[in-house]
1. Please compute the length gained on full extension between Asp227 and Asp357, using 0.36 nm multiplied by the number of residues separating them and subtracting their Cα-Cα distance.
2. What distance in nm separates the two pseudo spin-label positions at Ser335 and Cys435, each 7 Å out from Cα along the beta-carbon direction?
3. Do the sum for the chain: with -39,500 (n - 2.57) for every DSSP H run of n ≥ 4, divided by all residues, what is the mean residue ellipticity at 222 nm, to the nearest 500 deg cm²/dmol?
4. What does the charge count near Leu255 come to, summing +1 for each Lys or Arg and -1 for each Asp or Glu among other residues with Cβ under 12 Å from its Cβ?
5. Rounding to the nearest 10 and keeping the result within 0 to 90°, find how far the Cα-based axis of helix 59-72 lies from the longest principal axis of the chain.
6. Using only the alpha-carbon atoms, how far is helix 3-24 inclined from the longest principal axis of the chain? Give it as 0 to 90 degrees, nearest 10.
7. Can you tell me which of 97-110, 238-251, 66-79, 126-139 comes out highest on packing, and rank the rest after it, using the mean Cβ neighbours within 10 Å?
8. Starting with the highest mean, order 290-297, 184-191 by the number of other Cβ atoms within 10 Å, averaged over the residues of each peptide.
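The values are calculated or read from the model by the stated rules, or taken from the named source; none is laboratory data. Everything numeric in this text was worked out from a predicted model, so none of it was measured. Neighbour counts run over all protein chains shown; Cβ positions are idealised from the backbone, glycine included. Surface areas here come from the heavy atoms of the whole protein model, side chains and all, with no ligands, DNA or RNA. Shrake-Rupley method; radii C 1.70, N 1.55, O 1.52, S 1.80 Å.
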Amino acid sequence: MDRCRYWLLVQTLMVYLVFAQSKWQQQDTCSGIVPMRYRIDKISITDYGAVGDGVTMNTKAFREAIYRIEHLKRRDGTLLYIPPGEYLTGPFNLTSRMALFLAKGAVIKATTDTNQWPLIAPLPSYGRGRERPGGRYMIFIHGDGLHDVIITGKRSMILGNGTIGGQGAVWWNMWKERTLWFTRPHLIELMNSRNIISPMLFSRIHPSGTFTLHVVINYVTVLAPFDSPNTDGIDPDSSTDVCIEDSYISTGDDLVAIKSGWDEYGISYRRPSHGITIRRLTGSSPFAGIAVGSETSGGVEDVLAEHTTMYNMGVGINIRTNIGRGGIIQNITVSNVYMENSRQGIKIAGDVGDHPDEYYNRNAVPVLRDISIKNVWGRIKQRIKTLIIRGLNQAPFTRICLSNVHLLNEWGRSYSPWQCSDVYGTVIQVNPWPCSRLTSNHQNGMCSSTY
């Protein structure tokens, strides 16, 4: 069996295990933050001339169908039905009170003709494109100022079969060859929107929620090659009340990265990410599993990540910021994590990430406090710098709790102690033993607090 087929088999098995575990066990869920409203009214993309042959360009059909939904103004909304087939299209915008429903065997496939991707303004909290100065290419499936949107692959809510394919190789090659002049498009991005549900989808490359409120993403599979640059799985950015559950992600960058703006632009925009729940996530990546930052200038708080399984990771848990970011990172709880074959287990650092320009404020020092990491087990393959907490001399990291953390090598032995600086906190049952700045004083109650 060749290597490609082997990893496809492994990924398929892991997706099955994630969905089977969730289906047969009674488990906590945050998905109720957005009620599911079924659309009685329905139109089909083929009614607007779409052809699912993988060759015909269907951008006009998608835009006309969504324009029709917008002007129907049904009180309960309208479902746009995508029948089986491969529908090649350029980028398009969604509208409020709609459901984008992909039937079994339906694929919405992004065009590789970069001339079909117009430029749009950068995010105001970033001030420029994240990868290149100036604007950015339009998102493949985009929405701004929307409410009550569903993007799904199975109406019965049992298992998703529809696929959204970004065909990102053309963009990755441009990045690698240094012929990319503007920031690459995301697969899905919803801005300034609320009450969004995205259950049971199979997607390739980078869904993102920016300035969104009340979002549920569950039973989603996100895939991109291990060597694809900057292909985060899901990025809640300056967003509130986001629920990510029961999903499988295997990409070339972070599985989930919580952000809130970049340096002076994020500080000025002043919109934090808070109320983020990540639960029963499985995945693999050469970078981070659960990540916060490094773009955290608006602040990140009240995050819960639990029951997560990671394989072949770069860093299992990674919280990062930098001088110039400003912002407060607080009340972050990560618990019940298993990681297998990771280079690093935990890294919390205040010197990570670049800057949008030379005008960032060198006195904008981030604050990081009230971080709780509990019940973590794993096998780590790198022998040095596997466990790092590196605060800032101007603003040490405080109230760090590590409880029941066991990260060993492949023979079940401890590596060298943690590398720590400018950090204060408490530890209980941690192996390998951390630095002296993290004490074993149980009486202060830090590790018994719920953040």
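1. The span from Asp227 to Asp357 would gain 44.1 nm if fully extended.
2. Here the answer is 2.7 nm between the modelled labels.
3. -3500 deg cm²/dmol
4. -4
5. That works out to roughly 90 degrees.
6. Once rounded, one gets 90 degrees.
7. Output ranking for 97-110, 238-251, 66-79, 126-139: 238-251, 97-110, 126-139, 66-79.
8. Descending mean neighbour count gives 290-297, 184-191.
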